[in-house]
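Presented below is the structure to which this report refers.
The values are calculated or read from the model by the stated rules, or taken from the named source; none is laboratory data. What you see is a predicted model; the values in this text were computed from it and never measured. In this analysis, Cβ positions are derived from the backbone assuming ideal geometry, glycine residues included, and neighbour counts consider all displayed protein chains. These accessible areas exclude ligands, DNA and RNA; they are computed on the full protein's heavy atoms, side chains included. Shrake-Rupley method; radii C 1.70, N 1.55, O 1.52, S 1.80 Å.
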Amino acid sequence: MGSLDEEVIHYNDWPNAQGFDVRYEERSPVELPVSGNIPAYAAGTLFRTGLGPRKLQTDAGTTFRVNHWFDGFAQVHRFQIHAPAPGEPSVRVTYNSRSSCDAVLERIKRAGKDEGYTFGAKYDLCTSYFQKLQSFFRPAPKPRKADSLNVSVTLSANFPGLNTNGDRLNAAPERDKIVSLCNKNDTSYFQMLDPQTLEPIGLAQQNSLHPSLKGPSSATHAKSDPVTGDVYNYNLEYGRTGTYRVFTVSASTGQTSILATFSADASYLHSLFLTEHYVIICVWNAFFSLGGTPIFYHMNIVDALAEYDGTRPATWYVVDRQPVEAGGKGLIATYESDPFFAFHTINAYEEAGNHANQVDIIADIICYDNHDCIKRFYLDNLVSDSPTAKGFSDGAFAHCGATIRRFRLPDVPSKPIDQRFKADTVFVKARKFYVELPAINPRRLTRKYRYIYGMIDTGKSTFFDGLVKYDIETHKDIRWSYHGQTAGEPIFVADPESEDEDGGVLLSVVLDGVGGKSYLLVLDAKTMKEVGRASVDGVVGFGFHGTHVPAGRDEVALQI
């Protein structure tokens, strides 16, 4: 047995373990020390998802451990960036946070295991084959309390069609302040949070928006139009063949319309594309066994996925954004491309095609050669002091790297055509580093653009080790990376007085692994140089995504 004071060894002396096992909360807002000069236009509220504790002591005296990054216990964080005011010439930042799944934690403490929906929970070695089958055919219980779901992947302010506690809202949400906040994952559930205290206050499902949206799965990354605020997504119903229903929720009326319904093999699709006139659902290679029923019957996503089949093309479904009752044409065209797996789309836009009245769709996405990357995100492969992380980072990591790929869907027909066209691969870039959680200037959504921002992994640590600005015209990049500093997803806040695409700042929550605390980092989006930071008196767990709601601006309803 080793000594109690035995030195803990972190891979490359880059500690990140604190960010995967967090017990720090600030349930009432506290003032954060600010250094540098945070620009006044960044004023507003940054909501962030995060992780809570990795280990729980159960009532039976055992220890429950989270195995996969995507299954971490949910926390939500709120950074309020206050504009200068009389007597306060500089920007101030206040912060509060809390767990959003307290009932889940209590349930696991009592039961000694997690009986809810998970992404990659591992079976106990003592679980018999019969017990696994018994679990498979036992439908998952429907949650009742607002904090009885472990949901914390993306956050939306003022989601149209839902009121503060998740009831149906047949009216436009307010646009000059935050009246509702919802927490989402890849299911059809919405967890409603108090936007001030972050307390869970309600639950809703997509079928409350429209009765046809009865499937259990959806994309956690809904898309919203940057002008109107209308929201677009799909709902997936499992069966022998999957049924995809593409829908929109009007920001002006709260009404939901089904744009198209089509059948295709059920697949794990975390995001989708939106252009000025089309919604594009790409069914890439993350197909479920048995039509997806293992998820409905209480298995996790990792075990429900079929083996990756590199011979099957990705299929792209192009849907008219206009509702049928307004003259919409439904499913316009279907394309096939080289196979890949993905989590995150980046952007899509339209260009003039080769024929009159037709356009080409340009679609950019973070792609993988297969879905082995899902296994990379087991925590034993990510935590810096894990005995297995070193071997994984030194070797297996190379097989999980992502690339930036551009596809062209040529000559989208003006009327529906029942045949499959070919989508072309325009380029595959950035193999020298692993980029994920991409962001762009939100003013460029659905438009031609130049710059991609994201987290990068260059092999310095067991997790991500910096931020990047990538120029998709020159294929050059600028990076922010400092030893022991693990940054989260960058969120772009545009400078309202700048016409430049990269005119603005990036907001990222960073763990100082050496100092043992986190801070809100503010970078100049042109230079990737720090302009300011706000220091937190504790650790903000490694979550996934966030949203910035500008202060007093008519953009609140657009933050999806």
Just from its helices, what would the mean residue ellipticity at 222 nm be for the chain, if runs of 4 or more DSSP H residues each count -39500 (n - 2.57) and the sum is divided by every residue, rounded to the nearest 500 deg cm²/dmol? -1500 deg cm²/dmol
I'd like the Karplus ³J(HN,Hα) series for region 267-279: coefficients 6.51, -1.76, 1.60, θ = phi - 60°, whole numbers in Hz, and an x wherever there's a Gly or Pro. 9, 7, 10, 7, 7, 8, 10, 9, 10, 4, 10, 9, 9
Total lysine pairs whose alpha carbons fall under 14 Å of each other in region 404-530 (8 or more apart, or interchain): 7
Which far-off residues, 5 or more places away or on another chain, put their amide H under 5 Å from the one on Phe421, with H placed in the peptide plane? Thr334, Tyr335, Glu336
Can you give me the % of accessible surface on the chain that is carbon or sulfur? Probe 1.4 Å, all protein chains present, nothing else counted. 49 percent
Ranked from the most accessible area to the least, with a 1.4 Å probe and all protein chains present, what is the order of Ser180, Ser263? Ser263, Ser180
Per residue, what accessible area does the chain have, given a 1.4 Å probe and all protein chains present, in Å²? 40 Å²
Nearby aspartates and glutamates by direct alpha-carbon distance to Lys375 (threshold 12 angstrom, same-chain neighbours under 8 apart not counted): Asp303
Take the alpha carbon atoms of region 489-554, find their center, do the same for region 190-264, and report the distance between the two centers in whole angstrom. 28 Å
Which shape class applies to region 144-277: rounded if a/c is under 1.5, otherwise prolate when a/b exceeds b/c and oblate if not, where a ≥ b ≥ c are the square roots of the Cα gyration tensor eigenvalues? oblate
Answer label, with Cα Rg over 2.2 N^0.38 Å calculated from the coordinates and candidates (1) 0.99; (2) 1.07; (3) 0.93: (3)
To the nearest 20 debye, what is the magnitude of the charge dipole of the chain about its Cα centre, counting +1 on the Cβ of each Lys and Arg and -1 on the Cβ of each Asp and Glu? 940 debye
Table column - 3J(HN,Hα) (Hz), region 468-475, Karplus curve with 6.51, -1.76, 1.60, x for Gly and Pro: 9, 10, 10, 8, 7, 8, 9, 6
Dipole of the chain (Lys/Arg Cβ +1, Asp/Glu Cβ -1, origin at the Cα centre): which of Leu213, Cys101, Ala85 lies farthest to the positive side? Leu213
Taking amide H positions as placed 1.01 Å from N in the peptide plane, with prolines and chain starts having none, which residues 5 or more places from Asn370, or on another chain, fall under 5 Å of its amide H? Phe341
Count charges around Asp411 for me, please; just the other residues with Cβ under 13 Å from its Cβ, Lys/Arg as +1, Asp/Glu as -1. -1
Scalar couplings 3J(HN,Hα) for region 526-543 by Karplus 6.51 cos²θ - 1.76 cosθ + 1.60 (θ = phi - 60°), nearest whole Hz, x for Gly and Pro, are 7, 9, 6, 9, 5, 10, x, 7, 10, 8, 9, 8, x, 9, 9, x, 6, x
Let me check against my output: what whole-number percent is the relative contact order of the chain, with C-alpha pairs under 8 Å and at least 6 apart? 16 percent
